[in-house]
Amino acid sequence: MADCLFCKIVAGEIPAGIVKRSADALAFRDIDAKAPVHVLVIPIQHVAAVREAKGTQEERLLGRLLAFAAEVASEQGLDRDGYRIVTNTGKNAGQSVDHLHAHTGRKKAVLAARLIIPPP
Ligand code: AMP
């Protein structure tokens, strides 16, 4: 998608700290890391958010993304002590880039802060 920041990273138009690449996913370091290890895992194909991932192909993609994030976490040495995988969807979750991404990292207190849901 032309105006999408993460699509530009996929295309190599904007530099990023690439950690791992597969046929349909990319992992790169968050530019403003909130934890000692903070990697973003995104689909190569533009999907705005998890709420847009409807249909058989998209559901399969979500499964592969989760498995890919677990591989990244393992390669980052996070298996022993554990880690979080978090995806924000929409403004109430604080999603700031409209390209589906999973935050993968340690220091759960930092990443969990993004999960606070305001009372209705
Ligand atoms: P969210 O707020 O859940 O949408 O997460 C977006 C994340 O993208 C934030 O943690 C930002 O620090 C990160 N981010 C924004 N621009 C870049 C960039 N050019 N390279 C790497 N990470 C970025």
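At a probe size of 1.4 Å, how large is the accessible area of residue 98, to the nearest 10 Å²?
100
Between 73, 27, 93, which gets the highest mean-square fluctuation from a Gaussian network model of the chain, Cα cutoff 10 Å?
93
On a 1.4 Å probe surface of the protein chains, which of 34, 20, 54 comes out largest in accessible area, and what is the full order?
Highest to lowest solvent-accessible surface, that is 54, 34, 20.
Taking K and R as +1 and D and E as -1, what net charge do the other residues with C-beta under 12 Å from the C-beta of residue 4 add up to?
Surrounding charge for residue 4 is -2.
Given 0.36 nm per residue, what is the gain on full extension from residue 96 to residue 52 after removing their alpha carbon distance, in nm?
14.3 nm
Looking at the chain as a GNM with Cα springs under 10 Å, which of 70, 25, 53 has the largest mean-square fluctuation?
Result for the chain, Cα springs under 10 Å: 53 fluctuates most.
Just the accessible area per residue of the chain, please: how many Å² with a 1.4 Å probe?
60
Can you give the calculated 222 nm mean residue ellipticity of the chain, where each DSSP H run of n ≥ 4 adds -39,500 (n - 2.57) and the sum is split over every residue, rounded to the nearest 500 deg cm²/dmol?
Calculated mean residue ellipticity at 222 nm is -7500 deg cm²/dmol.
How large, in percent, is the carbon and sulfur part of the accessible surface of the chain at a probe radius of 1.4 Å?
54
Kirkwood-based Rg over Rh for the chain (C-alpha set), two decimals?
0.94
The values are calculated or read from the model by the stated rules, or taken from the named source; none is laboratory data. Just so it is clear, the structure is predicted and the values come from calculations on it, not from any experiment. Counting neighbours? That spans all protein chains shown, and the Cβs are built from the backbone with ideal geometry, glycine included. Quick note on the areas: whole protein, heavy atoms, side chains included, nothing else; ligands and nucleic acids left out. Shrake-Rupley method; radii C 1.70, N 1.55, O 1.52, S 1.80 Å.
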